[in-house]
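The values are calculated or read from the model by the stated rules, or taken from the named source; none is laboratory data. All of these numbers come straight from a predicted model, not from anything done at the bench. Here the Cβ positions follow ideal geometry from the backbone for every residue, glycine too, while neighbour counts run over all protein chains shown. Heads up: the accessible areas ignore ligands, DNA and RNA and are worked out on the full protein's heavy atoms, side chains in. Shrake-Rupley method; radii C 1.70, N 1.55, O 1.52, S 1.80 Å.
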Amino acid sequence: MVTSVTNLGRTGAFDWLMQRVSAVVLGVYTLFLAGYLLASPDLDYAQWAGLFDQMWMRIFSLLALISLGLHAWVGLWTITTDYIKPTALRFLIQAVCGLIMFVYLVWGVEILWGL
Amino acid sequence: MLVSLYRYNPETDNVPYMQDLEVTLPEGKDLMVLDVLHMLKEDDPSVAFRRSCREGVCGSDGMNINGKNALACVTPVSEVAPKGKLVVRPLPGLPVIRDLVVDMSIFYRQYERIQPYLINDNPEPAIERLQSPEDREKLDGLYECILCACCSTACPSFWWNPDKFVGPAGLLQAYRFLADSRDTATADRLDNLDDPFSVFRCRGIMNCVSVCPKGLNPTRAIGHIRTMLMQRTT
Ligand code: SF4
Ligand code: SF4
């Protein structure tokens, strides 16, 4: 068995499943938003803010945000292990990617809950 | 006919180069690429390549012909070089020993890692270990592999991680033993594959399927292994 400490879960199966599940969440979220925008042609700020005031929409958005982070982590982890062979450089780039995703997540929570 | 041949002799050449050679093919006869290589070798005995059975059974003359991996002995010149120029290179991604001869150690190491033999801890019966015709049928499309390495050396995932990703040839054989009703080591075999590289580095590009000279489908076998891994983790 090949070992790795920087991938998402413990096994390849877990990473593989997470990438698929997060892809479904992101797909559903995108379709929902696109449908919402199409269905409300004269959307104004109040209506838009009203949508994001609802608890289910906040949870849905947070779920999409977390999915984006997981999806990007598995994907970028795969790309960096494919193409960047020097370990120190690879780890550095992975750390930067991880940091960016973490920042997006915290920032997203702040926006959603208007903290 | 013009043949562009990859040449490299580490004792005399600093870098590999392509050598243009002219051969006169006999009229009204469609030769195999291997026949052309033999004609070249008659003119220049230093041309190096592997071959044995010359009928697509031994798997030793896998090479890259006009950009696609194939067995030289069963590849008709007319099919791969309709425009009259034959380009022959060694299998990509493996260290070149000389000309078309590559070092296949890493390919065999991956094959060895999947334990390509029957493991059965049960006491041996007085007769053979029997298998129903249905169970035997599950091995069709798996056991026929001749380990020519055309598939693994056409796979980008194997190029980038030949030390960690088993590759299509090894995984086809891994599934051949996972699917065998007489094998009792299924759990151990799966343990050995359940990391992010060995199986999951396959991105479903299917280069392996498009080059296999035996018409086998490693991608499907990899899909079966993935399903088996998912079934025990979820
Ligand atoms: S699966 Fe096909 S291409 Fe791959 S090693 Fe076996 S026979 Fe060759
Ligand atoms: S399907 Fe998988 S094993 Fe086959 S060439 Fe593509 S990545 Fe490689």
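Size of the stretch B:105-233 along its principal axes in angstrom, Cα-based, largest extent first?
47, 31, 28
For chain B, what relative contact order do you get, as a whole percent, if you take Cα pairs closer than 8 Å and at least 6 residues apart? Display every interim value, and only then the final one.
Details: 371 pairs, mean separation 41.9, N = 234.
Relative contact order for chain B comes out at 18 percent.
With a point put 7 Å past each Cα toward its Cβ, work out how far B:Glu128 is from A:Thr30 in nm, to one decimal.
Roughly 5.3 nm, to one decimal.
Have a look at B:Gly84, B:Gly56, B:Gly170 and tell me which one the Gaussian network model of chain B (Cα, springs below 10 Å) gives the largest fluctuation.
Answer for the Gaussian network model of chain B: B:Gly84.
Ordering B:Ile146, B:Ile97 by accessible area with a probe of 1.4 Å, largest first, what comes out?
Numbers: B:Ile146 30, B:Ile97 80 Å².
So the residues, ranked largest to smallest area, are B:Ile97, B:Ile146.
Before rounding to the nearest 500, sum -39500 (n - 2.57) across all DSSP H runs of length at least 4 in chain A and divide by the residue total; then give [θ] at 222 nm in deg cm²/dmol.
Values: 4 runs with 93 residues, N = 115.
The helix contribution divided over chain A gives -28500 deg cm²/dmol.
Rounded to the nearest whole Å³, what is the per residue volume of the convex hull around the Cα atoms of the stretch B:2-102?
100 Å³
So what does A:Ser4 come to for accessible area, using a 1.4 Å probe and Å² rounded to 10?
Surface open to solvent at A:Ser4 totals about 40 Å².
Which residues among the stretch A:25-41 fall inside the zone where the amide N is under 19 Å from a point 7 Å beyond the Cα of A:Met57, along Cα→Cβ?
In the stretch A:25-41, the label zone of A:Met57 (backbone N under 19 Å from the point 7 Å along Cα→Cβ) covers A:26-41.
Provide the per residue accessible area, probe 1.4 Å, for the protein assembly as shown, rounded to a whole number of square angstrom. All intermediate terms of the calculation are to be shown ahead of the outcome.
Numbers: 18750 Å² over 349 residues.
Value returned for the protein assembly as shown: 54 Å² of accessible area per residue.
Please arrange A:Ile111, B:Ile222 by accessible surface area, largest first, computed with a 1.4 Å probe and ligands excluded. If you can, show how the numbers build up before the last one.
On the way: A:Ile111 115, B:Ile222 5 Å².
These residues rank, largest area first, as A:Ile111, B:Ile222.
Which ³J(HN,Hα) values in Hz, rounded to whole numbers, follow from the phi angles of the stretch A:48-56 under the Karplus curve 6.51 cos²θ - 1.76 cosθ + 1.60, where θ = phi - 60° and Gly and Pro get x?
Karplus-based 3J(HN,Hα) across the stretch A:48-56 equals 5, 5, x, 4, 7, 7, 6, 4, 4 Hz.
Out of residues 5 or more away from B:Ile97 or on other chains, whose amide H comes under 5 Å of its own, with H placed 1.01 Å from N in the peptide plane?
B:Val102, B:Asp103
Mind computing the radius of gyration and Dmax over the alpha-carbon atoms of chain A? Å is fine for both.
Final numbers for Rg and Dmax: 17.3, 57 Å.
Which value results for Rg/Rh of the protein assembly as shown when Rg is the Cα radius of gyration and Rh the Kirkwood radius based on the inverse mean 1/r? Write down the numbers at each step before the final one.
On the way: Rg = 26.4 Å, Rh = 24.0 Å.
My calculation of the ratio gives 1.10.
Based on the Cβ-Cβ distance of B:Ile97 and A:Phe91, what FRET efficiency does E = 1/(1 + (r/R0)^6) give at R0 = 35 Å, to the nearest 0.05?
Values: r = 34 Å, r/R0 = 0.98.
It comes to 0.50.
Give me the extension gain from B:Asp135 to B:Val87: residue separation times 0.36 nm, minus the current Cα-Cα distance, reported in nm with one decimal. Display every interim value, and only then the final one.
Values: separation 48, 0.36 × 48 = 17.28 nm, distance 4.34 nm.
Here the segment from B:Asp135 to B:Val87 would lengthen by 12.9 nm.
Per residue of the stretch B:180-193, in order, report the coupling 6.51 cos²θ - 1.76 cosθ + 1.60 (Karplus, θ = phi - 60°) as ³J(HN,Hα) in whole Hz, putting x for Gly and Pro.
Rounded to whole hertz, the list is 7, 5, 8, 8, 10, 9, 3, 5, 5, 4, 5, 3, 5, 10.
For a test of understanding, tell me how many lysine pairs in chain B have Cα atoms under 21 Å apart, given they are 8 or more places apart or on different chains.
Numbers: B:Lys29/B:Lys41; B:Lys29/B:Lys83; B:Lys29/B:Lys85; B:Lys41/B:Lys85; B:Lys68/B:Lys83; B:Lys68/B:Lys85; B:Lys68/B:Lys214; B:Lys138/B:Lys214.
Counting lysine pairs in chain B gives 8.
Any chance you could look up the accessible area of A:Glu110 with a 1.4 Å probe, heavy atoms only, rounded to 10 Å²?
Probe radius 1.4 Å; accessible area of A:Glu110 about 100 Å².
About its Cα centre, how strong a charge dipole does the stretch B:105-233 have in debye, to the nearest 20, once Lys and Arg get +1 and Asp and Glu get -1 at the Cβ?
540 debye
Per the Debye formula with a single identical scatterer at each Cα and no solvent contribution, what log10 I(q)/I(0) holds for chain B at q = 0.12 Å⁻¹?
Values returned for q = 0.12 Å⁻¹ are -0.72.
Using a 1.4 Å probe and counting only protein heavy atoms, arrange A:Trp48, A:Trp73 so the residue with the most accessible area comes first.
Working: A:Trp48 85, A:Trp73 45 Å².
Final ranking, largest accessible area leading: A:Trp48, A:Trp73.
Can you tell me how much longer the chain between B:Asp43 and B:Thr227 gets when fully stretched, taken as 0.36 nm per residue apart minus their C-alpha distance, in nm with one decimal?
Fully extending the segment from B:Asp43 to B:Thr227 adds 61.0 nm.
Taking only the alpha-carbon positions of the stretch A:16-81 and ignoring solvent, what does the Debye formula give for the base-10 log of I(q)/I(0) at q = 0.11, 0.27 Å⁻¹?
Computed log10 I(q)/I(0) values: -0.34, -1.14.
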